[in-house]
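Asks: My questions will all concern the structure given below.
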Amino acid sequence: MKLDVLFAKYLYQNKQLNLPGIGTFQLDASVPIPDPSDKNTVDLGQHIRFIQQPIAKPDDAFIDFIRTQTGKIRPLAISDLESYLEDGKNMLNIGKPFHLEGIGSLHKTRADLLEFKAGEPLLERMEMSNDGENEQYRRNKTAYEERYNSASQNTGLRKLLITMGVLIGIAAVIWGGYSLYNNKTSDDNVIEKDAVGTAPPVINTDSIENARKDSLDRIAAAESNSGTYKFIVERTDMKARAVKRFNQLKSLGTSILMETSDSVNFKLYYLIPAQPKDTIRIKDSLRLRYGKRVTVEK
């Protein structure tokens with residue numbers, strides 16, 4: 001479920017929503033929650049009031065609400081909220097409206113004040129089972145960790161290459177032995193039939209060595225077909241944001257990495273071995289997990 005939908009749902013139920021760095025939304029306590037089956041639903045926007053004031057941090061009750069609705073652990077719920085609000089403030093700073101579905105939109109004036117314009121109420125039922133959402137999240141997370149964890153990928157690839165090498169080596173030895181046997185048998189027949197005893201042809205003693213080199217070449221070719229890609233899950237030009245997000249993901253036991261080329265722009269990414277054709281599927285899994293667009297670099 002999208003975060004802004006959760007904003008509206010929380011406001012409808014609790015009549016007040018505090019957003020850090022933005023302000024407070026209040027809903028008249030006497031207004032009932034909109035019902036999509038009721039054609040005479042009140043104009044909810046007339047009863048929502050916005051107060052621009054400094055909010056240091058989100059309410060614990062709101063964080064717990066996000067956590068139970070999304071199935072995410074508390075640090076991820078906090079991180080997602082911070083990212084969403086940061087994106088909203090960036091939109092306001094460039095003169096774009098910050099839209100909150102089911103609540104309305106905010107606009108920044110030239111005096112750096114926020115003006116609120118009420119929107120349409122959220123007239124869709126939000127009755128999806130929390131257990132169902134939690135189960136879906138667990139399935140996505142488990143599928144990701146089992147399929148795209150770096151350690152398991154490296155181990156699986158290594159085992160595959162070793163197995164291929166052993167099979168190719170065995171085949172090469174068998175082929176070399178068979179070739180030597182055929183050459184020797186042919187030479188013995190020539191010697192028996194030639195009464196004068198002409199010198200037998202020279203046996204190629206390098207057959208096994210050539211076969212071994214051929215198997216190594218095949219292994220190298222198999223390695224070159226795969227590659228390691230950077231799956232970038234977040235970019236930011238704020239160092240504090242990058243370090244905080246990196247530490248949060250590290251604390252969850254993930255293999256997240258961070259880099260910067262100019263100490264200004266930071267990337268948070270996973271380094272994952274994959275075939276080119278698999279990168280799209282990996283991107284989709286990461287996008288489902290983090291709720292953001294994922295880019296790939298070689």
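Asks: For segment 119-126, state whether one or more residues are open to solvent by 50 Å² or more (accessible area, probe 1.4 Å) and at pLDDT 70 or above.
Replies: Scanning segment 119-126 turns up at least one residue that is open to solvent by 50 Å² or more (accessible area, probe 1.4 Å) and at pLDDT 70 or above.
Asks: Let me ask something else about it. What residue, among those in segment 66-75 that are assigned to a helix (DSSP H, G or I) and touching a Lys or Arg at 6+ places or on another chain (Cβ under 8 Å), is nearest to S251 (Cα to Cα)?
Replies: Among residues in segment 66-75 that are assigned to a helix (DSSP H, G or I) and touching a Lys or Arg at 6+ places or on another chain (Cβ under 8 Å), the one nearest to S251 (Cα to Cα) is R74.
Asks: For D87, which of the numbered conditions (1) in contact with a helix residue (DSSP H, G or I) (Cβ under 8 Å, 6 or more places away or on another chain); (2) within 26 Å of R287 (Cα to Cα); (3) open to solvent by 40 Å² or more (accessible area, probe 1.4 Å); (4) not hydroxyl-bearing (S, T, Y) fails to hold?
Replies: (1)
Asks: Say whether the condition of being in contact with a Pro (Cβ under 6 Å, 6 or more places away or on another chain), open to solvent by less than 80 Å² (accessible area, probe 1.4 Å) and at negative phi is met by at least one residue in segment 245-263.
Replies: yes
Asks: If you don't mind, there's one more thing I want to ask. Give segment 239-298 a look and list any residue that's charged (D, E, K, R), under 17 Å from S79 (Cα atoms) and part of a helix (DSSP H, G or I), or say none.
Replies: K239, R241, K244, R245, K250, R287, R289
Asks: Determine whether segment 28-48 contains at least one residue that is small (G, A, S), in a loop (DSSP other than H, G, I, E, B) and at pLDDT 90 or above.
Replies: No: zero hits.
Asks: For segment 248-298, give me each residue that is among the hydroxyl-bearing types (S, T, Y) and closer than 14 Å to Y229 by Cα.
Replies: S255, Y269, Y270, T279, T295
Asks: (1) over 24 Å from the mean Cα position of the chain (by Cα); (2) open to solvent by less than 20 Å² (accessible area, probe 1.4 Å): which one isn't true of A77, the others all being true?
Replies: (1)
Asks: Could you say which residue among D80, D131 is outside any loop (DSSP other than H, G, I, E, B) and at pLDDT below 55?
Replies: Among D80, D131, only D131 is outside any loop (DSSP other than H, G, I, E, B) and at pLDDT below 55.
Asks: Checking T155 against (1) β-branched (V, I, T); (2) open to solvent by less than 60 Å² (accessible area, probe 1.4 Å); (3) modelled with pLDDT of 85 or more, only one condition comes out false. Which one?
Replies: If we test T155 against (1) β-branched (V, I, T); (2) open to solvent by less than 60 Å² (accessible area, probe 1.4 Å); (3) modelled with pLDDT of 85 or more, just (3) comes out false.
The values are calculated or read from the model by the stated rules, or taken from the named source; none is laboratory data. As the structure is a computational prediction, the values presented were derived from the model and not from experiment. Glycine gets a Cβ as well: all are built from the backbone with ideal geometry, and neighbour counts include every protein chain shown. Heads up: the accessible areas ignore ligands, DNA and RNA and are worked out on the full protein's heavy atoms, side chains in. Shrake-Rupley method; radii C 1.70, N 1.55, O 1.52, S 1.80 Å.
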